[in-house]
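Peer 1: One structure, as structure tokens, below. Some questions next.
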Amino acid sequence: MKMSDCLTCPVRRWSIFSELLDTDLAHLPIQVEDTAVSADTCVSKEGDLIQQAFVLRQGSIKLERVTVSGGTQIVQLLRNGDIWGFEGLDQSCYQHTATTLENSLVCRINISQIRTWCGQDSRVQSAIRKRLQIAHLELENHLLLVLSADSVRRVAAFLCFWCRNYPDNRKVSFPFHRHEIADFLGISPTHVSRILADFKRRGLVHESNGRISVSYHELRNIANGTHEVTSR
């Protein structure tokens, strides 16, 4: 077991530790286990008892839920600094199945230690609630997108979401199969492939070897419906 160095963590500003001082992080009352996880690994399973909460230090993870028909639906995509399992402060079981999309680094924290820590330091509970609110807002925005936007706008918005923290034409990891993007956006894999091909022809997207770069502002205009599109 490798313990994480939260003081020098590169995703600290996005994590539950963002509001803590260096002196706080030097004397954490919890153990944070740093774990390397291979791609396509189930880290936590929907319905299982919550014993650990997680912070994604590096990589990407999909959160899925079982549908009424017995299949699965991708409902959220996580990147560096995102959290899950912290619903264990209020609930007993995981609400999603978390699976790595690529080789990732994950911090694991015992949920009972977090409950105790929250009782001792209100800043920690406040930081966790803020991160959970951000995640909830992203889910609402995604639902509105799926319900109200056409296929082209959905794909453009997804690319903007995924590349939002990076400048134009900066290559970033893109560990998705077309069917995973389609599942997340509620359209067919054929639609996804055709729209991405059109974006590539127009020079808005460059994809190779599991990495992607985009013309962010032009795609944002398409996602917002303020730019003419040609594919449906």
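Peer 1: Show the residue pairs that are 6+ apart or on different chains and have beta-carbon atoms under 7 Å apart, the first residue being within the stretch 180-198 and at negative phi, the second being in a helix (DSSP H, G or I) and hydroxyl-bearing (Ser, Thr, Tyr).
Peer 2: These pairs meet every condition: Ile187/Ser151; His191/Ser151; Ile195/Ser151.
Peer 1: Let me ask something additional. Does the stretch 5-27 include one or more residues that are out of contact with any Asp or Glu (no Cβ under 9 Å at 6 or more places or on another chain), at pLDDT 90 or above and among the polar types (S, T, N, Q)?
Peer 2: Within the stretch 5-27, not a single residue is out of contact with any Asp or Glu (no Cβ under 9 Å at 6 or more places or on another chain), at pLDDT 90 or above and among the polar types (S, T, N, Q).
Peer 1: Next up: Within the stretch 122-138, can one find any residue that is touching a helix residue (DSSP H, G or I) at 6+ places or on another chain (Cβ under 7 Å), open to solvent by less than 10 Å² (accessible area, probe 1.4 Å), in a helix (DSSP H, G or I) and at pLDDT 95 or above? Spell out the reasoning first.
Peer 2: Of the residues in the stretch 122-138, the ones touching a helix residue (DSSP H, G or I) at 6+ places or on another chain (Cβ under 7 Å) are 124-125, 128, 132.
Now drop any that are not open to solvent by less than 10 Å² (accessible area, probe 1.4 Å), which leaves 124, 128.
Okay, now just the ones that are also in a helix (DSSP H, G or I), so 124, 128.
This time we only want the ones that are at pLDDT 95 or above, so: none.
No - not one qualifying residue is present in the stretch 122-138.
Peer 1: Mind checking whether some residue in the stretch 61-77 is assigned to a loop (DSSP other than H, G, I, E, B) and touching a residue at least 40 places away in the same chain (Cβ under 8 Å)? Working first, answer last.
Peer 2: Applying the first criterion (assigned to a loop (DSSP other than H, G, I, E, B)) to the stretch 61-77 yields 67-71.
Filter again for touching a residue at least 40 places away in the same chain (Cβ under 8 Å), leaving none.
Within the stretch 61-77, not a single residue is assigned to a loop (DSSP other than H, G, I, E, B) and touching a residue at least 40 places away in the same chain (Cβ under 8 Å).
Peer 1: Let me ask something additional. Taking the stretch 140-156, which residues are open to solvent by less than 60 Å² (accessible area, probe 1.4 Å) and either part of a helix (DSSP H, G or I) or over 14 Å from Phe184 (Cβ atoms) (or both)?
Peer 2: Result: His142, Leu145, Val146, Asp150, Ser151, Val152, Arg154, Val155, Ala156.
Peer 1: Additional query: Please find, within the stretch 65-94, the residue that is surrounded by the most Cβ atoms within 10 Å (Cβ to Cβ) out of those that are touching a Ser or Thr at 6+ places or on another chain (Cβ under 9 Å) and of a type in the set (Val, Ile, Thr).
Peer 2: In this case the residue turns out to be Ile83.
Peer 1: Let me ask you something else. Being farther than 24 Å from Leu147 by Cβ, open to solvent by 50 Å² or more (accessible area, probe 1.4 Å) and under 20 Å from the mean Cα position of the chain (by Cα): is that true of Arg201 here? Give the derivation first.
Peer 2: Values: farther than 24 Å from Leu147 by Cβ: yes; open to solvent by 50 Å² or more (accessible area, probe 1.4 Å): yes; under 20 Å from the mean Cα position of the chain (by Cα): no.
When the stated conditions are applied, Arg201 does not pass them.
The values are calculated or read from the model by the stated rules, or taken from the named source; none is laboratory data. Just so you know, these numbers come straight off a predicted model, no measurement behind them. Glycine gets a Cβ as well: all are built from the backbone with ideal geometry, and neighbour counts include every protein chain shown. Note: accessible area is taken over every heavy atom of the protein model, side chains too, but ligands, DNA and RNA are not part of it. Shrake-Rupley method; radii C 1.70, N 1.55, O 1.52, S 1.80 Å.
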